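Chemist: Shown below is the structure under consideration.
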Amino acid sequence: MHKKILLTGVSGQVGHALKTKLLQHEVIPLSREQLDLSKVHDIRRIIREVKPNLIINPAAYTAVDKAESEPELAFAINATAVQILAEEAARLNAGLIHFSTDYVYDGAKKTPYVEDDEVNPVSLYGKSKLAGEEAIRAVGLPHLILRTSWIYGAYGKNFLKTILRLAAERDSLRVVADQFGAPTSNKSIADGVVQLVNAWQLQQDNQTGVYHFTNAGSTSWHSFSCEIVSVYNRLANERNWPVLKTKVGNITAITTVDYPTPAARPANSRLDNTKLKNTFNVELPSWQLGLQQVMQTLTLSS
Ligand SMILES: NC(=O)c1ccc[n+]([C@@H]2O[C@H](COP(=O)([O-])OP(=O)(O)OC[C@H]3O[C@@H](n4cnc5c(N)ncnc54)[C@H](OP(=O)(O)O)[C@@H]3O)[C@@H](O)[C@H]2O)c1
């Protein structure tokens, strides 16, 4: 069914990818300049003007380390604003697709997390995202909360771009090898959301809820960075890309303890996506395929 979709955060990785993919629908794409989620009255006013029948909210306060020293702003964007979005969507009998994170878990589990597992965020960012989830559940409207992980893409600031920049500048890199998860491309997320928008029956209460939503498989940040450099090297010749200074063999595995950050991160970020497959028959490709697809679209100035 054709939908009128209010889409937030279109300057972000996921928002940007979604804007170009939801072509079957009428999309009202809003950047931070057009809809600042720290301004509660603006959120209510704009939603009442637009009258969407679906809100998709990829906008968020995503600076994981900075959140430790800016808790109020993180909670304002990731929790309070999400509550207002949910209240306004409910008022219009609209649905809400919202994004959450692997960082709602503490990472102590030894196997991939399922949606019913206990949440216990170890960072302020994770706590603020969990508060956003809880606000949506409290409002009680038709919703999909998509917990994803390790997002990257050809667009925006992310791990892929950082590794490529550093590998061009330096002879060697040191990358954390004891955190495990699924790198998930903004393209895979956008493709999956398009399928969900078409498959989701808002009236079916049993579809409302939390879903894990990542590229398939898992790896460590260290192995991911090795794969990034390998794929780059395979494409470099035909693309006329400059040779990287860092060779794969010069990417050293280090531990989380060797690389202290203001915010703690879960060691195990692996999310089991079975519920998504069973409910909607939607599956994101392997993280390796996701990476290849993004690298194919990469222009080195992006
Ligand atoms: N990035 C990850 O690795 C990751 C992992 C798991 C889950 N997630 C979740 O997935 C979703 C999408 O993440 P992403 O990687 O696409 O994030 P992103 O690239 O950091 O984009 C976030 C967007 O939110 C916007 N934003 C921030 N504050 C705002 C405000 N006050 N009002 C309106 N917009 C505001 C930003 O605007 P500006 O462009 O103006 O800054 C940006 O466009 C988020 O819910 C995030 O929490 C992300």
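The values are calculated or read from the model by the stated rules, or taken from the named source; none is laboratory data. As the structure is a computational prediction, the values presented were derived from the model and not from experiment. Neighbour counts run over all protein chains shown; Cβ positions are idealised from the backbone, glycine included.
Chemist: So for region 138-159 (the condition being at pLDDT 95 or above, in a helix (DSSP H, G or I) and crowded, with 24+ Cβ neighbours inside 10 Å), does at least one residue qualify?
Modeler: Taking every residue of region 138-159 in turn, none turns out to be at pLDDT 95 or above, in a helix (DSSP H, G or I) and crowded, with 24+ Cβ neighbours inside 10 Å.
Chemist: For TYR105, indicate whether it is at pLDDT below 95 and within 14 Å of the ligand (Cβ to nearest atom).
Modeler: Values: at pLDDT below 95: no; within 14 Å of the ligand (Cβ to nearest atom): yes.
So TYR105 fails the test.
Chemist: Turning to a different aspect of this structure: Consider VAL64 carefully, then state whether it is within 9 Å of the ligand (Cβ to nearest atom) and modelled with pLDDT of 95 or more. Even if it seems obvious, please write down each step before you answer.
Modeler: Details: within 9 Å of the ligand (Cβ to nearest atom): yes; modelled with pLDDT of 95 or more: yes.
When the stated conditions are applied, VAL64 passes them.
Chemist: Exactly one of (1) touching a helix residue (DSSP H, G or I) at 6+ places or on another chain (Cβ under 8 Å); (2) over 24 Å from HIS16 (Cα atoms) is unmet by PRO183. Its number?
Modeler: In the conditions (1) touching a helix residue (DSSP H, G or I) at 6+ places or on another chain (Cβ under 8 Å); (2) over 24 Å from HIS16 (Cα atoms), PRO183 misses (2) alone.
The rows are residues; the columns are (1) buried (at least 20 other Cβ atoms within 10 Å of the Cβ); (2) more than 7 Å from the ligand (Cβ to nearest atom).
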{"site": "SER11", "(1), (2)": "no, no"}
{"site": "VAL27", "(1), (2)": "yes, yes"}
{"site": "LEU35", "(1), (2)": "yes, no"}
{"site": "VAL40", "(1), (2)": "no, yes"}
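Chemist: Sticking with this structure for a sec: Could you grab the pairs with beta carbons closer than 7 Å, sequence gap of 6+ or different chains, first residue in region 178-203 and in a helix (DSSP H, G or I), second one surrounded by fewer than 24 Cβ atoms within 10 Å (Cβ to Cβ) and hydroxyl-bearing (Ser, Thr, Tyr)?
Modeler: Every condition considered, the pairs that remain are ASN186/TYR155.
Chemist: Same structure again: Anything in region 236-278 that is touching a Pro at 6+ places or on another chain (Cβ under 9 Å) and of a type in the set (Lys, Arg)? List them, or say none.
Modeler: Of everything in region 236-278, just one residue is touching a Pro at 6+ places or on another chain (Cβ under 9 Å) and of a type in the set (Lys, Arg), namely ARG270.
Chemist: Can you say whether VAL282 is part of a loop (DSSP other than H, G, I, E, B) and either of a type in the set (Gly, Ala, Ser) or in contact with a helix residue (DSSP H, G or I) (Cβ under 8 Å, 6 or more places away or on another chain) (or both), as far as the supplied structure shows? Spell out how you get there, then give the answer.
Modeler: Working: part of a loop (DSSP other than H, G, I, E, B): yes; either of a type in the set (Gly, Ala, Ser) or in contact with a helix residue (DSSP H, G or I) (Cβ under 8 Å, 6 or more places away or on another chain) (or both): yes.
Answer is yes for this residue.
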